[in-house]
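Here the structure is laid out as C-alpha cells; the discussion comes afterwards.
The values are calculated or read from the model by the stated rules, or taken from the named source; none is laboratory data. In this text, all values refer to a predicted model and were calculated from it rather than measured experimentally. Positions of Cβ are backbone-derived with ideal geometry, glycine not excepted, and every protein chain shown enters the neighbour counts. Only protein heavy atoms, including side chains, enter the accessible area calculation; ligands, DNA and RNA are left aside. Shrake-Rupley method; radii C 1.70, N 1.55, O 1.52, S 1.80 Å.
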Amino acid sequence: MGAIVAIVGRPNVGKSTFFNRLIQRREAIVDAVSGVTRDRHYGKSDWNGKEFSLIDTGGYVLGSDDIFEQEIDKQVKLAIDEADAIIFMVDVETGITGMDEDVAHLLRRAKKPVFLAVNKVDNAKRAEDAVEFYALGLGDYYNLSSINGSGTGELLDALVEVLPESEEVEDELPRFAVVGRPNAGKSSFINALIGEERYIVTDIAGTTRDSIDTKYNRFGFEFNLVDTAGIRRKAKVKEDLEFYSVMRSVRAIEHCDVCLLLLDATRGFDGQVENIFWLAQRNNKGIVILVNKWDLVEKDTNAVKQYTQKIKQAIEPFTDVPILFMSVHTKQRIFKAIETAVEVYQNRSKRIPTRKLNDLLLPIIEHTPPPAYKGKYVKIKYITQLPTPYPQFAFFCNLPQYVREPYKRFLENKLRENFDYAGVPITIFMRKK
C-alpha cells in the first residue's frame with residue numbers, strides 16, 4: 001500500500017498553498033496533461049523517488065469557533081488513525097493560538113511521525129519568531145514559506161525518511177474498484193452481480209463505510225471486486241466516519257487495476273464525479289464510466305448520444321473511455337459492465353512488440369513530423385514500450401525538448417487508432433537518442 005501523508009492545522013495557515021505546491025511538483029515530473037481539472041483535496045506527490053498520497057484535512061468548516069474546534073479535532077483524529085505521517089502546519093505571523101495547542105495536544109499522544117511546519121517564514125526576523133513553537137512540545141520544527149517554496153526541501157527530506165516503503169503486492173488476481181459519489185448504487189451493483197445481498201443497501205448516502213473485497217469469477221475471468229465508500233465533495237464531509245471513508249476510497253483507487261466509475265444518471269456527470277475520474281486517470285488506472293439509474297431518466301432517441309457527448313466534453317482530452325448506460329434495479333447491462341472492465345484490464349496490460357510499433361508509427365511520423373521549433377527540426381528515430389504495469393512509451397529523437405504537448409497528443413491518438421487502448425491512460429516520454 002502507498003503511504004498517506006495528512007496536512008493538519010487550523011484554517012488560514014497556508015495548508016492549501018503548500019498542498020498545491022507539492023501537487024504541481026508531482027504533475028510537472030509525470031508530464032501530466034495540461035488543462036486538467038484538479039481535485040484540490042487528494043493528490044499524489046513524490047520526493048527523492050518515494051511516492052506518497054497527500055490529503056488536505058482542514059480549512060473548510062463554516063460556523064462558530066466552537067464548531068471549528070470540534071470539526072478540526074475530528075479531522076486530526078482521523079488523520080492520526082489513517083495517515084502514515086502528519087504535517088502539522090502553523091503560522092509564524094499569528095504565533096501559537098488556542099486551536100494550535102488543541103491540535104498539538106492530540107498529536108503529542110499520537111504514535112505517528114509528526115512534522116511541525118512553521119509557515120510564512122520568509123525573512124530572518126520571522127525565523128527568530130518561530131522559536132516560540134518549541135512550546136507546543138512537538139520537538140524540532142521546519143521553517144518554510146508555502147508561497148515561494150523555501151524550506152520545503154528540508155521538510156520533505158525528513159518526511160520521506162519515515163514513510164514506509166511502498167510494497168507492490170503482486171496479487172494474482174486483478175482488482176476492479178467500484179467508485180463514485182455516495183448513493184450512486186455501488187453496493188447494489190455488486191449485490192446484483194454476485195446474486196446475494198452481501199452489502200447493506202439503504203437510501204441513506206454513506207451506508208458503506210469501508211472498501212470491501214469480493215472474489216468474483218465470471219466470463220472465465222477471476223478478479224477481486226472492491227466496493228468503496230462514496231467520495232463526496234469536501235464541504236459535505238461533516239461526519240467523521242465519512243472522512244475516514246474518503247481516505248479509504250483514495251487508497252482503493254490507487255491500488256486497483258480498473259476503476260468502474262458509477263454515476264447517478266439523474267444527477268449527471270458533475271464536478272465531484274469528474275474529480276474522481278481525474279484521480280483515477282492521474283493514478284494511471286483503467287476506467288469504465290457506468291451511468292446508473294438510466295431507467296429513471298426521461299429519454300428520447302438522442303438521449304444516449306447527448307449524454308455521452310456531455311461526458312466526453314468534461315473529460316477532454318482523455319475521451320477514449322467506454323461509457324455504458326445501465327440500471328442496477330432492472331439488471332440492464334450490469335454484466336456488460338464487467339465484460340467491458342475485463343477488456344480494459346487486458347488493454348492496460350497489453351505489450352506491443354517494438355518492431356510492430358516502429359513499423360506502424362515511423363511512416364506516420366515521417367509523413368507528419370513534429371513542427372519546427374526555434375528553427376530546429378525534430379527527427380524521431382525509434383519507439384519502444386517501457387516495461388511498466390500500464391502503457392508508457394519512449395520516443396527517441398534528436399531534440400526531445402522541442403516536442404510540444406499537441407504533438408504528443410497526436411502521437412497518443414495514433415497509438416489509440418492502431419492499438420486498442422480504450423479506457424487506459426497512455427504516457428509518452430521523449431528521450432534523447
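May I ask you to list the residues in region 127-138 that are open to solvent by 70 Å² or more (accessible area, probe 1.4 Å) and touching a helix residue (DSSP H, G or I) at 6+ places or on another chain (Cβ under 9 Å)? Step through it out loud before you land on a result.
Step one: filter region 127-138 for residues open to solvent by 70 Å² or more (accessible area, probe 1.4 Å), giving 128, 131-132, 134-135.
The answer is ALA135, and nothing else.
I need every pair where a residue in region 336-364 that is more than 30 Å from ILE289 (Cα to Cα) has its Cβ under 9 Å from the Cβ of a residue that is among the charged types (D, E, K, R) and open to solvent by 60 Å² or more (accessible area, probe 1.4 Å), sequence separation at least 6 or different chains.
Here the result reads LEU362/LYS381, each pair linking region 336-364 to a residue that is among the charged types (D, E, K, R) and open to solvent by 60 Å² or more (accessible area, probe 1.4 Å).
Restricting the first residue to region 104-121 and requiring it to be β-branched (Val, Ile, Thr), which pairs with a second residue that is part of a helix (DSSP H, G or I) and open to solvent by 10 Å² or more (accessible area, probe 1.4 Å) meet a Cβ separation below 7 Å and a spacing of at least six or different chains?
VAL121/ALA127
Being surrounded by fewer than 20 Cβ atoms within 10 Å (Cβ to Cβ) and either touching a Pro at 6+ places or on another chain (Cβ under 8 Å) or modelled with pLDDT of 60 or more (or both) is the filter; apply it to region 220-241 and report the residue that is farthest from GLU339 (Cα to Cα).
Among residues in region 220-241 that are surrounded by fewer than 20 Cβ atoms within 10 Å (Cβ to Cβ) and either touching a Pro at 6+ places or on another chain (Cβ under 8 Å) or modelled with pLDDT of 60 or more (or both), the one farthest from GLU339 (Cα to Cα) is ASN224.
What number of residues in region 269-311 are touching a residue at least 40 places away in the same chain (Cβ under 8 Å) and within 20 Å of THR330 (Cβ to Cβ)?
The total comes to 5.
Collect the residues in region 253-268 that are of a type outside the set (A, V, I, L, M), part of a loop (DSSP other than H, G, I, E, B) and surrounded by fewer than 23 Cβ atoms within 10 Å (Cβ to Cβ), keeping them in residue-number order. It would help to see each step written out before you state the result.
Applying the first criterion (of a type outside the set (A, V, I, L, M)) to region 253-268 yields 254-257, 259, 264, 266-268.
Imposing the further condition that a residue be part of a loop (DSSP other than H, G, I, E, B) reduces the set to 255-257, 266-268.
Across region 253-268, the qualifying residues are HIS255, ASP257, THR266, ARG267, GLY268.
Name the residues in region 107-126 that are closer than 20 Å to GLY14 by Cβ and open to solvent by 40 Å² or more (accessible area, probe 1.4 Å), would you?
Looking only at region 107-126, we keep the residues that are closer than 20 Å to GLY14 by Cβ, and these are 107, 114-126.
Answer for region 107-126, where residues must be closer than 20 Å to GLY14 by Cβ and open to solvent by 40 Å² or more (accessible area, probe 1.4 Å): LYS120, ASP122, ASN123, ALA124, LYS125, ARG126.
When you scan region 14-114 for strands (runs of 3 or more DSSP E) that lie fully inside it, which ones turn up with 1 or more residues that are more than 20 Å from the chain's Cα centre (by Cα) and at pLDDT 80 or above?
Numbers: elements: 42-47, 50-56, 85-91.
Where strands (runs of 3 or more DSSP E) fall fully within region 14-114 and carry at least 1 residues being more than 20 Å from the chain's Cα centre (by Cα) and at pLDDT 80 or above, they are 85-91.
Scan LEU415, LEU362 and give me the residue that is open to solvent by less than 70 Å² (accessible area, probe 1.4 Å), closer than 20 Å to ARG282 by Cβ, in a helix (DSSP H, G or I) and of a type in the set (A, V, I, L, M).
Details: LEU362 fails: closer than 20 Å to ARG282 by Cβ.
Only one candidate qualifies: LEU415.
Select from region 331-348 the residues that are closer than 28 Å to LYS408 by Cα and open to solvent by less than 60 Å² (accessible area, probe 1.4 Å) and list them in ascending order.
THR340, ALA341, VAL342, VAL344, TYR345, ASN347, ARG348
Considering (1) closer than 20 Å to ILE55 by Cβ; (2) open to solvent by 20 Å² or more (accessible area, probe 1.4 Å); (3) in contact with a Leu (Cβ under 9 Å, 6 or more places away or on another chain), say which one TYR141 fails and leave the rest.
With respect to (1) closer than 20 Å to ILE55 by Cβ; (2) open to solvent by 20 Å² or more (accessible area, probe 1.4 Å); (3) in contact with a Leu (Cβ under 9 Å, 6 or more places away or on another chain), TYR141 is out only on (1).
Tell me, please, whether a residue that is assigned to a loop (DSSP other than H, G, I, E, B), out of contact with any helix residue (DSSP H, G or I) (no Cβ under 8 Å at 6 or more places or on another chain) and surrounded by fewer than 17 Cβ atoms within 10 Å (Cβ to Cβ) can be found in region 274-293. Can you show your working first?
Of the residues in region 274-293, the ones assigned to a loop (DSSP other than H, G, I, E, B) are 283-285, 293.
The next check asks that each one be out of contact with any helix residue (DSSP H, G or I) (no Cβ under 8 Å at 6 or more places or on another chain); those that pass are 284, 293.
Narrowing further to those that are surrounded by fewer than 17 Cβ atoms within 10 Å (Cβ to Cβ): none.
No, region 274-293 has no match at all.
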